[in-house]
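Asks: This is the structure, below, for whatever I ask next.
The values are calculated or read from the model by the stated rules, or taken from the named source; none is laboratory data. Since this is a predicted model, take the numbers as computed values, not measurements. Cβ coordinates were reconstructed from backbone atoms using ideal geometry, including for glycine residues, and neighbour counts include every protein chain displayed. Heads up: the accessible areas ignore ligands, DNA and RNA and are worked out on the full protein's heavy atoms, side chains in. Shrake-Rupley method; radii C 1.70, N 1.55, O 1.52, S 1.80 Å.
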Amino acid sequence: MARVFSGIQPSGDLHLGNYLGALRHFALDQYEYDCVFCIVDLHALTVPQDPEALARRTLEAARVHLAAGLDPSVCTLFVQSHVHEHAELSWLMECTASVGELRRMTQFKEKSTDQEFVSGALFTYPALMAADILLYASDRVPVGNDQRQHLELTRDLAERFNHRFGATFVVPAAAVPRVGARIMDLQRPTAKMSKSATSPQGTVGLLEDPASIARKIRRAVTDAEVEVRYDTEAKPGVSNLLAILGAATGEDPVELAGRYHRYGPLKADCADAVVALLEPIQARYAELAGDPAGTAAVLAEGAAKARAVAAPMLEKARQAVGLLPR
Ligand code: AMP
Ligand code: TRP
């Protein structure tokens, strides 16, 4: 069975875009592939984090994964820092990557511009991501467009390492972007819905209360026309509502557009559909939140399963470069 690996940073509250673009697909993938899902807390540390908030968000992210339907008896769900092999292989990847390659990463340029403090780890971040992926001999890595460059670098590092030290790593296949992979901000529909949005009004949190979700969708920015049409260029706001409604109900946004003649009813239906979509996730989340020991046990088991794969791979890489066996 092909192996899938993906990671989500616990750097902010997970939102509707994360669910429709990633989590929902993970829940389906787990029955088709050997799936490993990782909450990448070490990656989150590359920018300043409040310790309490990081701990809380890491736990919340794990619960959201479970609430979204990941079954820990089918897939592997764990926290990156619980498996120290990630940090260790990351060192070998840093030694494999060149400064020139790392400097070309557009995410580093974006995240380091206008910052008071830029950590060394923000620069070497893609080496840790490569380690995440290569430790599990991953075949497929589902990521958004913004991560494509990091995935390409991972492939280059794997190939370079294999060439220098002998066949060690599986070179992961470039992952095809998923359908419905771009949910836009409700207030700025030309920008992706994101954890770091300028206004919280544009982002629907997965754990947000239904009244607040409905209010945000009703107040979503549209345009000065009245026609409901799916046209992401000319009508980004309306198209985003159609895309969200379509993703929530399994219908085609273009077909949906034909059914509406005014924005009001489209917004009302979109709000209802999103609330209905998130309701069972929120209910399951509340159950999990009431059982912290249960989630801790799931994560401990996940880390043990992950380590069983990661440890022999790290050992293989260590020996390949000439580190003495321990
Ligand atoms: P991030 O929130 O950037 O760490 O991304 C975590 C996962 O959610 C990645 O697989 C992204 O591709 C996906 N994702 C993030 N934002 C969106 C969005 N606005 N629409 C669709 N998918 C998204
Ligand atoms: N860098 C990814 C992001 O910001 C998160 C990530 C870390 C990841 N390690 C990964 C994604 C390994 C896929 C595979 O979204």
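Asks: Need the list of lysines near Lys316 for cross-linking: C-alpha distance under 29 angstrom, and skip anything on the same chain fewer than eight residues off.
Replies: Output for Lys316: Lys305.
Asks: Please report, for the Cα atoms of region 238-326, the Rg to one decimal and the Dmax as a whole number; what are they, in angstrom?
Replies: 23.7, 71
Asks: Per residue, how big is the convex hull around the C-alpha atoms of region 82-171? Give it to me in cubic angstrom, could you?
Replies: With only Cα atoms used, region 82-171 gives 104 Å³ per residue.
Asks: Let me ask something else. Against the longest alpha carbon principal axis of the chain, how many degrees, from 0 to 90 and to the nearest 10, is the axis of helix 85-96 turned?
Replies: On a 0 to 90 degree scale, this one is about 80.
Asks: Moving on. Based solely on its DSSP helices, what 222 nm [θ] is calculated for the chain when runs of n ≥ 4 H residues each add -39,500 (n - 2.57) and the sum is averaged over all residues, nearest 500 deg cm²/dmol?
Replies: Calculated mean residue ellipticity at 222 nm is -16500 deg cm²/dmol.
Asks: If you don't mind, another one. What is the sum of charges, Lys and Arg at +1 and Asp and Glu at -1, for the other residues whose Cβ falls under 14 Å from the Cβ of Ala286?
Replies: With Lys, Arg at +1 and Asp, Glu at -1, the net is -4.
Asks: Relative to the first principal axis of the alpha-carbon coordinates of the chain, what is the inclination of helix 292-321, with its axis defined by its Cα atoms, in degrees from 0 to 90 and to the nearest 10?
Replies: 40
Asks: Could you give the angle, 0 to 90 degrees to the nearest 10, between helix 263-289's Cα long axis and the longest principal axis of the Cα atoms of the chain?
Replies: Value to nearest ten degrees: 40.
Asks: Which of the pairs Lys111/Lys235; Lys192/Lys267; Lys192/Lys235; Lys109/Lys216; Lys111/Lys267; Lys109/Lys192 have their Cα atoms more than 23 Å apart in this structure?
Replies: In this structure, Lys111/Lys235; Lys109/Lys216; Lys111/Lys267 lie more than 23 Å apart at Cα.
Asks: Name the shape class, rounded, prolate or oblate, that the alpha-carbon gyration tensor gives for region 170-237, where a ≥ b ≥ c are the square roots of its eigenvalues, rounded holds for a/c under 1.5, and otherwise prolate holds if a/b is larger than b/c and oblate otherwise.
Replies: oblate
Asks: Relative contact order for the chain using alpha-carbon pairs under 8 Å, separation at least 6, rounded to a whole percent?
Replies: Rounded, it is 21 percent for the chain.
Asks: Please list log₁₀ I(q)/I(0) at q = 0.09, 0.14 Å⁻¹ for the chain, using the Debye equation with identical point scatterers on the alpha-carbon positions.
Replies: -0.50, -1.13
Asks: Now a separate question. Calculate the radius of gyration of the Cα atoms of region 203-255 to one decimal place, then report Dmax, the largest Cα-Cα distance, as a whole number, both in Å.
Replies: Rg, Dmax (Cα atoms, Å): 11.8, 33.
Asks: Also, I was wondering about something else. Leaving ligands, DNA and RNA out of it, report the carbon-plus-sulfur percent of the accessible area of the chain at a 1.4 Å probe.
Replies: Taking all protein chains in place, the chain shows 55 percent carbon and sulfur surface.
Asks: Ok, one more. For region 13-109, rounded, prolate or oblate, judged on the Cα gyration tensor with a ≥ b ≥ c (square roots of eigenvalues), a/c < 1.5 rounded, else prolate if a/b > b/c?
Replies: prolate
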